[in-house]
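Laboratory data are not the source of any read-out in this text; all were calculated from the coordinates shown. In this text, all values refer to a predicted model and were calculated from it rather than measured experimentally. Using ideal geometry, Cβ is built from the backbone for each residue, glycine included, and neighbour counts are taken over all protein chains shown.
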């Protein structure tokens, strides 16, 4: 839901223990980037800092970031994984650093486009929140700066780039949101969605060739219909059948379309659907959330620092904040499952009340390999429009 649908590309999944354009086309170059701004330990410039040690300590990093005085973020919708509160918390903690939040509804592809087209400009994004496929491709194009946050060792090896160019941050499961005020019997599985009673009611959060959540919905449908991570075609066929029988509607589901009754059933991440349930209270929408038992699919998004960030110290301070207990708990408060949750559960720093409110999940998710994700994306790009035409 939310127009934030378009943002995010396909991502790799959460570890079993965890799971508890922008188009700058034609933009004229402006002031050159400030990659050399600030002071770091032993003469290391902020843009080359690979860890907190290069600033001496957190106090040194804060001083360098405050010297820059700004942080450019992109594609962070306020009600996506609690980003609204996260941005406010960072701003309150570091009032001398002004956050410039641009194009919150941008997709991962738009973020990469902004990095490339705005290289050398002061308005280029400093940090990125990307679907894993885009994180990997961006790292392959040498777009990201290697930086290992203080919590680096607690991030599972399979959920980070060995060189620190990207690392997973938060994730969730594909779920089915349903307005019980308009749908007497809310569906709980993909098989349910084929029932005649749901004619003209089922929607995705965007186009799966561009939207990570919609991509996840098709992937989950594939798993529910004897497909696999290496074979997403059954998921495409499933939505083709939903379209054929009139149940699936090609309308991007947003809170506005739900309130109007246009998309009473929406397939989306559980942290978004659960957050919308809170948002809809008192608005005549009785939003129920179910993680389908026949298609358990989960994924993470990833953080990265722009190699040519105009505010490199502020970018690294943002990363340290996100991977602190405070930052991780703020994601958790937004129903997203942070990557450090297993460690935080063990050391007692996880918000127990927030953990209890997470949507319940049955079964254990499995995880696609990079090659399988690439194949799935290619198959969708080739087959989706034809299947839904």
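Tabulated results
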| item | result |
| --- | --- |
| P(r), alpha carbons of the range 81-192 - 10 Å bins starting at zero, rounded % | 10, 30, 33, 16, 10, 0 |
| Label point distance in nm, residue 150-residue 286, each placed 7 Å from Cα along Cα→Cβ | 4.7 nm |
| Tail beyond 15 Å, pair distance distribution of the range 39-86 (Cα, percent) | 54 percent |
| DSSP-defined antiparallel bridges as percent of all bridges, the chain, nearest 5 | 70 percent |
| Kirkwood hydrodynamic radius over Cα pairs of the range 162-225, then Stokes diffusion coefficient at 25 °C and 0.890 mPa s, in µm²/s | 177 µm²/s |
| Those residues of the range 196-228 whose amide nitrogen sits under 20 Å from the label point placed on residue 389, 7 Å along Cα→Cβ | 207-210 |
| Alpha-carbon centroids, the range 60-120 and the range 253-278: separation in whole Å | 26 Å |
| Computed over the range 264-335, the ratio Rg/Rh where both radii use C-alpha atoms and Rh is Kirkwood | 1.11 |
| D_trans [Stokes-Einstein, Kirkwood Rh over alpha-carbon pairs] for the range 171-325, 4 °C, 1.567 mPa s, µm² s⁻¹ | 79 µm²/s |
| Amide N proximity, the range 99-132 versus residue 78 label position 7 Å along Cα-to-Cβ, cut-off under 18 Å | 99-106 |
| The range 135-165 and the range 182-202: distance between their alpha carbon centers, rounded to Å | 41 Å |
| Gain on full stretching of the segment that runs from residue 101 to residue 58 - 0.36 nm per residue minus C-alpha separation | 13.1 nm |
| Theoretical FRET efficiency, 1/(1+(r/R0)^6), r = Cβ-Cβ of residue 357 and residue 142, R0 45 Å, to 0.05 | 0.65 |
| Value of Rg to Rh for the chain (Rh from inverse mean 1/r over Cα pairs, i.e. Kirkwood) | 0.98 |
| Additional length obtainable on full extension of the chain from residue 237 to residue 122, 0.36 nm per residue less Cα span | 36.8 nm |
| Computed P(r) (all Cα pairs; the range 231-389; 5 Å bins; percent) | 1, 7, 12, 14, 16, 17, 15, 10, 6, 2, 0 |
| Cα-Cα P(r), the range 315-356, percent of pairs per 5 Å interval | 6, 28, 35, 20, 9, 3, 0 |
| Two-decimal Rg/Rh across the range 120-165, once Rg and the Kirkwood Rh are taken from alpha-carbon atoms | 0.99 |
| Rel. contact order, % - alpha carbon contacts under 8 angstrom, at least six apart, the range 175-267 | 40 percent |
